[in-house]
Amino acid sequence: MKTNILKNIPAIIITFALLVIFSCDNEKPKEKFVENEKVETKDSVRAVVKNKSKPVKINKEYNDIAKYLAGIKPGSRGELYNLSKNQVWRRYSIIADYKWRNFHATKTKKIQSWINKEMNDVEKNNNMIFYPFSGPDVLHALTFFPNAKKYLMIGLEPVGTIPDLLAIEKDSLNSYLELLAQSINDALCLSFFKTKDMLTELNNQDIDGTVQIIMLFLSRTNNEIIDIKPVEINKEGNIAYRKSFEMVEGQRGFNKGVEISFRTINTDSIKQVYYFSIDLSNSGLIYNKRAKLFLDKIDSGVTTFIKSASYLMHKNWFSIVRNTIFNKSKYILQDDSGIAFRFFDKETWNIQLYGTYTEPIKLFKKNLEEDLKEAYTENSKPLDFRIGYGRKSNLLLARKK
């Protein structure tokens, strides 16, 4: 039996609580791994959807779920449509609309303008975006790279399951929507997820992993879902389809993932986002040979995106994934929490710096890079949007020579 922590709280208090959850005080809008369950395999991440000339069939069920999660009224007049008439959901929807208008006005437009000016060549030449340490943040991958065909995301968080919204008891809807709002608030306000929060927010009986958040983000970025399939990494390091999702935690969940096929509304180009739960540390990859093989099979020439990565690749015990990025990438876009500046071979990479770098936030102050600080005094360009941990943001764009 799911508990309802807000059951006896008046509606006006619930509305206020959601407003607090969704508020950003610094910006205002300007306007198992089981062998016998494998049913099909792919050669690494190279598969391309065929027969693109055929009419694209949208999965109405998945789209309605994604819309409901996003605070958008479902398009099909079914049970979820009726559930969206609930006053609690309607309040959630109103507040979500406000927050997303704010995000698009203060972030999306600025980022897109910056891309057109500074990354036009990158946008024309990227087929796949590799986003390690991403968690469920497909939002920023889509915002920075809207024209990519594939997005490969990796994090420690479990994959989770597609939610059965009709099974959530009516009296528990308040707490579920509040938890959902908490899960995405940092991504909207701060541009990143807090790791300690995700350990609880994406690992409970209702929101049990990243799938629900990815679905929400796809819906709110003007996309329609074509299909969602559970996948895993097999012994050969290839992607294998599985028959069903399951709730698993910790290392039992490693190598499991999801494949979501989608398209931007009113377009026919089919895109795919993959999320896998993998420990990317050296010890994690040494003992997880499937994951290591999988990384080795990533196509060369990808664009790597790194943001709010806790400075992990500054450490020697993350050298495997760091070297994978250098070997596989044609472009790297990151903030200072990604790969330390000293590891970039200046004979191999053309580097342009953006924004301001003085020092990391207090939590990561030991990761101060004097060489990066000096490089910023010599050559950097302005950045007019917030990205990463600090209030003063920075980005490094590296192009392989």
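The values are calculated or read from the model by the stated rules, or taken from the named source; none is laboratory data. Predicted model, so just to flag it, every value in this text is computed and none were measured. Neighbour counts are summed over all protein chains in view; Cβ atoms, including those assigned to glycine, are modelled from backbone coordinates with ideal geometry.
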Answer from TYR68, TYR98 - the residue that is touching a helix residue (DSSP H, G or I) at 6+ places or on another chain (Cβ under 7 Å) and assigned to a helix (DSSP H, G or I) | TYR68
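Just for the range 260-273: of the residues that are in contact with a Lys or Arg (Cβ under 9 Å, 6 or more places away or on another chain) and surrounded by fewer than 20 Cβ atoms within 10 Å (Cβ to Cβ), which one is farthest from TYR151 (Cα to Cα)?
We begin by selecting, within the range 260-273, every residue in contact with a Lys or Arg (Cβ under 9 Å, 6 or more places away or on another chain); these are 260-264, 268-273.
Subset that is surrounded by fewer than 20 Cβ atoms within 10 Å (Cβ to Cβ): 261, 263-264, 268-270.
Values: SER261: 10, ARG263: 13, THR264: 14, ASP268: 18, SER269: 14, ILE270: 12 Å.
If we take residues in the range 260-273 being in contact with a Lys or Arg (Cβ under 9 Å, 6 or more places away or on another chain) and surrounded by fewer than 20 Cβ atoms within 10 Å (Cβ to Cβ), then ASP268 is farthest from TYR151 (Cα to Cα).
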Those residues of the range 149-174 which are closer than 18 Å to SER329 by Cα and surrounded by 22 or more Cβ atoms within 10 Å (Cβ to Cβ) amount to TYR151, LEU152, MET153, ILE154
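So, restricting to strands (runs of 3 or more DSSP E) that lie completely within the range 190-270, which ones have at least 2 residues that are closer than 30 Å to LYS57 by Cα, in contact with a helix residue (DSSP H, G or I) (Cβ under 8 Å, 6 or more places away or on another chain) and modelled with pLDDT of 70 or more?
Details: elements: 223-233, 239-241, 256-264.
Hits in the range 190-270: 223-233, 256-264.
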Odd one out for GLU347, checked against (1) within 23 Å of LEU280 (Cα to Cα); (2) exposed (fewer than 14 other Cβ atoms within 10 Å of the Cβ) | (1)
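Yes/no matrix, rows are residues, columns are (1) over 18 Å from the mean Cα position of the chain (by Cα); (2) within 28 Å of PRO146 (Cβ to Cβ); (3) surrounded by fewer than 22 Cβ atoms within 10 Å (Cβ to Cβ); (4) modelled with pLDDT under 95:
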| residue | (1), (2), (3), (4) |
| --- | --- |
| TYR275 | no, yes, no, no |
| ARG290 | yes, no, yes, no |
| LEU293 | yes, no, yes, no |
| LYS330 | yes, yes, yes, no |
| ALA340 | yes, no, yes, no |
| GLN352 | yes, yes, yes, no |
| GLU359 | yes, no, yes, yes |
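Looking only at the range 376-385, count every residue that is surrounded by fewer than 17 Cβ atoms within 10 Å (Cβ to Cβ) and either in contact with a helix residue (DSSP H, G or I) (Cβ under 7 Å, 6 or more places away or on another chain) or farther than 18 Å from LYS109 by Cβ (or both) and tell me the total.
5
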Does ASN350 meet the test of being in contact with a helix residue (DSSP H, G or I) (Cβ under 9 Å, 6 or more places away or on another chain) and of a type in the set (S, T, N, Q)?
-> no
